[in-house]
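The values are calculated or read from the model by the stated rules, or taken from the named source; none is laboratory data. Quantities reported herein were computed from a predicted structural model and do not represent experimental measurements. Backbone-built Cβ (ideal geometry, glycine too); neighbour counts: all protein chains shown.
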Amino acid sequence: MKPAALFLLLPLVWASCGFAQPPPQPSASAKLWQQSQNTDAARSLTFTRFTLTGKFLAPPHDQAANRPALALDCIPGTGSHPHKGKWLAANLLAGSALKIVYVEPEEIHGTSYFPKVVVRYRTDAAREEEDKWAAGTDKTSISVPKDALKKILRAHSVTISAEDDRGSQFAMQFDVPDPTPVEDACNVDER
């Protein structure tokens with residue numbers, strides 16, 4: 001090839017490199033609390049649900065499992081106290097059947113045992129904690145206790161792991177956005 005022809009092609013090569021698109025960034029809405037209004041007809045109750053989707057670091061055996069989500073239900077504040085709502089529940093929606101362990105209550109009144117899920121979680125750079133959280137009635141969700149929820153809301157990132165119904169370990173991660181709207185609406189710090 002002649003040096004003149006090579007010299008003419010050089011600007012085309014530079015132009016194609018200069019206009020290369022960077023990889024797409026995740027959308028900002030993926031890291032926000034999604035808010036929805038829901039009604040529980042059985043209890044004549046209207047509540048606000050805040051949902052944060054996460055990702056699987058190590059997925060459960062069920063390949064059809066949905067993305068994990070953290071859902072908080074709150075009764076909104078009214079009148080002159082719109083930021084004084086009431087926290088109802090927090091649930092971790094795992095999207096797959098969970099391994100349930102039955103825990104004997106501290107005081108026995110009959111033969112009932114509590115269905116629990118062994119959970120390990122780590123917020124930011126803190127050490128990993130292990131706890132037993134109540135299993136949801138569908139056995140694919142876990143009820144998050146209020147003390148653990150406070151730690152999660154104050155973190156930037158949380159990793160939670162548990163076992164599926166086959167005993168395989170799976171892990172999920174949530175990047176926690178600004179918790180102010182959730183804390184205000186749910187009044188999480190109230191005793």
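For region 144-154, the criterion of being modelled with pLDDT under 90 and either aromatic (Phe, Trp, Tyr) or assigned to a loop (DSSP other than H, G, I, E, B) (or both) is met by none of the residues.
Matching residues to (1) small (Gly, Ala, Ser); (2) within 13 Å of the chain's Cα centre (by Cα):
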{"residue": "Ala155", "(1), (2)": "yes, yes"}
{"residue": "Thr159", "(1), (2)": "no, yes"}
{"residue": "Ala162", "(1), (2)": "yes, no"}
{"residue": "Ser168", "(1), (2)": "yes, no"}
{"residue": "Met172", "(1), (2)": "no, yes"}
{"residue": "Asp178", "(1), (2)": "no, no"}
{"residue": "Ala185", "(1), (2)": "yes, no"}
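Which one is nearest to Cys186 (Cα to Cα) among residues in region 99-150 that are among the aromatic types (Phe, Trp, Tyr) and surrounded by 11 or more Cβ atoms within 10 Å (Cβ to Cβ)? Don't jump to the end; show me each part of the working.
From region 99-150, those among the aromatic types (Phe, Trp, Tyr) are 102, 113-114, 121, 133; that's our starting set.
From the residues that got through so far, the ones that are surrounded by 11 or more Cβ atoms within 10 Å (Cβ to Cβ) too are 113-114, 121, 133.
On the way: Tyr113: 30, Phe114: 27, Tyr121: 22, Trp133: 20 Å.
My answer is Trp133.
Within region 28-65, the residues that satisfy the criterion of being under 18 Å from Gly136 (Cβ atoms), modelled with pLDDT of 80 or more and in a loop (DSSP other than H, G, I, E, B) are Gly54, Pro60. Mind checking which residues of region 156-191 are acidic (Asp, Glu), free of Cβ contacts under 8 Å to residues at least 60 places away in the same chain and assigned to a helix (DSSP H, G or I)? If the condition is that a residue be acidic (Asp, Glu), free of Cβ contacts under 8 Å to residues at least 60 places away in the same chain and assigned to a helix (DSSP H, G or I), then Glu183 is the only one that fits.
Would you confirm, using the coordinates I've provided, whether Lys116 is out of contact with any Gly (no Cβ under 8 Å at 6 or more places or on another chain) and part of a strand (DSSP E or B)? First the steps, then the outcome.
Working: out of contact with any Gly (no Cβ under 8 Å at 6 or more places or on another chain): yes; part of a strand (DSSP E or B): yes.
For Lys116, the condition - out of contact with any Gly (no Cβ under 8 Å at 6 or more places or on another chain) and part of a strand (DSSP E or B) - is met.
The condition (being farther than 25 Å from Asp165 by Cα, in a strand (DSSP E or B) and modelled with pLDDT of 90 or more) is satisfied by just one residue among Asp73, Asp131: Asp73.
Evaluate the following for Gln25: is it at pLDDT below 90, exposed (fewer than 15 other Cβ atoms within 10 Å of the Cβ) and closer than 22 Å to His156 by Cα? Even if it seems obvious, please write down each step before you answer.
On the way: at pLDDT below 90: yes; exposed (fewer than 15 other Cβ atoms within 10 Å of the Cβ): yes; closer than 22 Å to His156 by Cα: yes.
Yes: the conditions hold for Gln25.
Within region 132-181, the residues that satisfy the criterion of being more than 15 Å from Leu52 (Cβ to Cβ) and in contact with a His (Cβ under 7 Å, 6 or more places away or on another chain) are Asp164, Arg166, Ser168.
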